[in-house]
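Undergrad: For reference, the structure I am asking about is given below.
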Amino acid sequence: MELERYEKEFAQLAFKNQPMMVGNWAQSILHGGVIASALDVAAGLVCVGSTLTRHETISEDELRQRLSRMGTIDLRVDYLRPGRGERFTATSSLLRAGNKVAVARVELHNEEQLYIASATATYMVG
């Protein structure tokens, strides 16, 4: 997975389909867990990133402490069509970033821009 674009409230990640990611071998379709994981990573990046960049100066120890307390609270995935394709892009946007909780919306498309899945993700960030 590679980071293609990152801004304070937006992130875009891409990855190539690989045999170990396939859930349906007959049709070469991505496994649902791979889709959910990609959505989680993209949404988590924008939520955690926005929280950490809110502070201009932060020590390495405090950064480690904050990161150890952060994690996914909820991930609601809508699988819209089979995950067919060679390359997939996950784009996430921040909906809300509070002191304790952050929420993001994320979408997964293939190289033909077909909408594969979407999710709303909530993270503990404080």
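Undergrad: Take Phe15 and decide whether it is surrounded by 19 or more Cβ atoms within 10 Å (Cβ to Cβ), assigned to a strand (DSSP E or B), of a type in the set (Phe, Trp, Tyr) and at pLDDT 90 or above.
TA: No; evaluated as a whole, the condition is false for this residue.
Undergrad: Something else about it: Output the residues belonging to region 53-91 that are assigned to a strand (DSSP E or B) and either surrounded by fewer than 16 Cβ atoms within 10 Å (Cβ to Cβ) or in contact with a Phe, Trp or Tyr (Cβ under 7 Å, 6 or more places away or on another chain) (or both).
TA: Within region 53-91, Gly71, Thr72, Ile73, Asp74, Arg76, Asp78, Tyr79, Arg87, Phe88 meet the criteria.
Undergrad: Which condition from (1) over 30 Å from Val22 (Cβ atoms); (2) modelled with pLDDT of 90 or more; (3) of a type outside the set (Gly, Ala, Ser) is the one that Asn99 breaks?
TA: Status for Asn99: all satisfied but (2).
Undergrad: Right, here's the next one. Taking the conditions exactly as written (free of Cβ contacts under 8 Å to residues at least 60 places away in the same chain, among the hydroxyl-bearing types (Ser, Thr, Tyr) and over 14 Å from Ala121 (Cα atoms)), does Ser37 satisfy them or not?
TA: Spelling it out, it is not the case that Ser37 is free of Cβ contacts under 8 Å to residues at least 60 places away in the same chain, among the hydroxyl-bearing types (Ser, Thr, Tyr) and over 14 Å from Ala121 (Cα atoms).
Undergrad: Of all residues being among the small types (Gly, Ala, Ser) and within 14 Å of Gly49 (Cα to Cα) in region 92-120, which is surrounded by the fewest Cβ atoms within 10 Å (Cβ to Cβ)? Just the residue, please.
TA: Looking at the filtered set, the residue picked out is Gly98.
Undergrad: Somewhere in region 44-51, is a residue surrounded by fewer than 15 Cβ atoms within 10 Å (Cβ to Cβ), farther than 20 Å from Thr89 by Cβ, within 20 Å of the chain's Cα centre (by Cα) and of a type in the set (Val, Ile, Thr)?
TA: Taking every residue of region 44-51 in turn, none turns out to be surrounded by fewer than 15 Cβ atoms within 10 Å (Cβ to Cβ), farther than 20 Å from Thr89 by Cβ, within 20 Å of the chain's Cα centre (by Cα) and of a type in the set (Val, Ile, Thr).
The values are calculated or read from the model by the stated rules, or taken from the named source; none is laboratory data. These numbers come from a predicted model, not from an experiment. Reconstructed Cβ throughout: ideal geometry from the backbone, glycine too, with neighbour counts over all protein chains shown.
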